[in-house]
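This report concerns only the one structure given below.
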Amino acid sequence: MRIVVLTGGIGGARFLLGVRAYARETGADVTAVVNVGDDLLLHGLKVCPDLDSVLYTLGGGADPERGWGRVGETWTVKTELAAYGAEPSWFGLGDKDLATHLVRTSMLNAGYPLSQVTEALATRWQPGVRLLPATDERLETHAVLSDEQGRRAVHFQEWWVRYRAEVPTEQFVFVGAEAAKPAPGVVEAIAAADVVLIAPSNPVVSVAPVLAVPGLRDAVVGGPAPVIGVSPIIGGAPVRGMADRCLAVLGVECSAAGVGTLYGSRSGGGLLDGWLVAPEDEDAVVPGVTVRAAPLRMTDEAATAAMVRAALELM
Ligand code: FO1
């Protein structure tokens, strides 16, 4: 079986642990199409948080408490930058993590596209799934704020990390999306897939920027494979992260039904054929979409693989 997963964020990386476990059991082939909207240029370096979360999580190098960055990290460079008063001081790169950004940036500066750079980084981490950025082009999620300083756009990371998503926000924009193309292999993988899974990632700032790449959404919606989503909301609260604050910006209820309805049914011009929700949300109704319930807490790899099996039973 060929499985394509649209993913982003730490929840998405942890979901991939379960997809990989399922694939190891069954011989399935997995391609992860990863959000790049969180990416930023910092101190001259290209940082790709969602791609790195997948590499580190599947490669056994992620910090289990923070979820992002490397386990056993040290912060000498961050301390030295602070001593120079270098900004931004609200976003920290660990010493081990920095090596990834140095290698990536050198390769990008040498002319390699992000997809090839990611493949090169994956030779070290051996994630066991094929990892593709949604696009090789620069695509950044920005938040449009409206506060006492007026109306202005800030990078997603400033909104998320500096302001903890607690500033009056009008909308999100995916800067560069119109000119972006799906990375090589993305549309082909979707066209050849037996199923497309939407990871329990943040629908607004992880999945939406992936689908904003022209041609990518059409490949999923118009493709032959059933599209099954897994709810990132359990009992009205995000499994992790701040999806509640992101959904509030869109005026969407923070519930399994709310997110399912935001994605919409494929038969009605939306995305989904099936929607997997937690037992707490078994009464959720998404018009035109088959809804099933199964435990959705990704407590360990076996529990996450069971989630994946439950999602695939919706096919
Ligand atoms: N999150 C934080 O809350 N504070 C940080 O200083 C921070 C640094 C950072 C560096 C590299 C990286 O790959 C991720 C980092 N994150 C940090 C996590 C990141 O902001 C978000 O969790 C993701 O972008 C959301 O998926």
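Would you be able to say whether some residue in the range 70-88 is within 14 Å of the ligand (Cβ to nearest atom), within 19 Å of Asp39 (Cβ to Cβ) and under 23 Å from the mean Cα position of the chain (by Cα)?
yes
Considering only residues that are farther than 19 Å from Asp50 by Cα and within 15 Å of the ligand (Cβ to nearest atom), look in the range 159-217 and name the one that is surrounded by the most Cβ atoms within 10 Å (Cβ to Cβ).
In this case the residue turns out to be Tyr163.
I need the full set of residues from the range 269-286 which are modelled with pLDDT of 95 or more and surrounded by fewer than 14 Cβ atoms within 10 Å (Cβ to Cβ), in order please.
Correct list: Pro279, Glu282, Asp283, Val285.
Among the residues of the range 265-302, write down those that are in a helix (DSSP H, G or I) and under 20 Å from the mean Cα position of the chain (by Cα).
Glu301
Could you tell me whether the range 121-140 includes any residue that is touching a Pro at 6+ places or on another chain (Cβ under 8 Å), under 17 Å from Cys48 (Cα atoms) and polar (S, T, N, Q)?
Yes, because at least one residue in the range 121-140 is touching a Pro at 6+ places or on another chain (Cβ under 8 Å), under 17 Å from Cys48 (Cα atoms) and polar (S, T, N, Q).
Mind checking which residues of the range 211-249 are modelled with pLDDT of 95 or more and basic (Lys, Arg)?
Hits for the range 211-249 are Arg217, Arg245.
Can you tell which of Ser255, Ser206, Ser265 is closer than 22 Å to Phe156 by Cβ, modelled with pLDDT of 95 or more and of a type outside the set (Phe, Trp, Tyr)?
One residue alone meets the criteria, Ser206.
Which pairs have Cβ atoms under 7 Å, sit 6 or more apart or on different chains, and link a residue in the range 67-87 that is touching a residue at least 60 places away in the same chain (Cβ under 8 Å) to one that is in a helix (DSSP H, G or I) and among the hydrophobic types (A, V, I, L, M, F, W, C)?
Gly67/Ile10
With respect to Asp50, is the statement that it is within 9 Å of the ligand (Cβ to nearest atom) and either among the acidic types (Asp, Glu) or within 27 Å of Arg138 (Cα to Cα) (or both) true?
yes
Here is a check on your reading of the model: is Thr26 among the β-branched types (Val, Ile, Thr), more than 20 Å from Phe174 (Cβ to Cβ), more than 12 Å from the ligand (Cβ to nearest atom) and free of Cβ contacts under 8 Å to residues at least 12 places away in the same chain?
no
Are there any strands (runs of 3 or more DSSP E) wholly within the range 1-106 with 3 or more residues that are crowded, with 17+ Cβ neighbours inside 10 Å and among the aliphatic types (A, V, I, L, M), and if so which?
By residue number, 2-7, 29-34.
Select, from Val289, Val259, the only residue that is farther than 18 Å from Ala13 by Cβ, touching a Pro at 6+ places or on another chain (Cβ under 6 Å) and buried (at least 21 other Cβ atoms within 10 Å of the Cβ).
Val259
Output yes when any residue across the range 121-144 is modelled with pLDDT of 95 or more, surrounded by 15 or more Cβ atoms within 10 Å (Cβ to Cβ), assigned to a helix (DSSP H, G or I) and within 13 Å of the ligand (Cβ to nearest atom), and no when none is.
Taking every residue of the range 121-144 in turn, at least one turns out to be modelled with pLDDT of 95 or more, surrounded by 15 or more Cβ atoms within 10 Å (Cβ to Cβ), assigned to a helix (DSSP H, G or I) and within 13 Å of the ligand (Cβ to nearest atom).
The values are calculated or read from the model by the stated rules, or taken from the named source; none is laboratory data. Being a predicted model, the structure only gives us computed values, none of them experimental. So basically every Cβ, Gly included, is an ideal-geometry build from the backbone, and we count neighbours across all protein chains shown.
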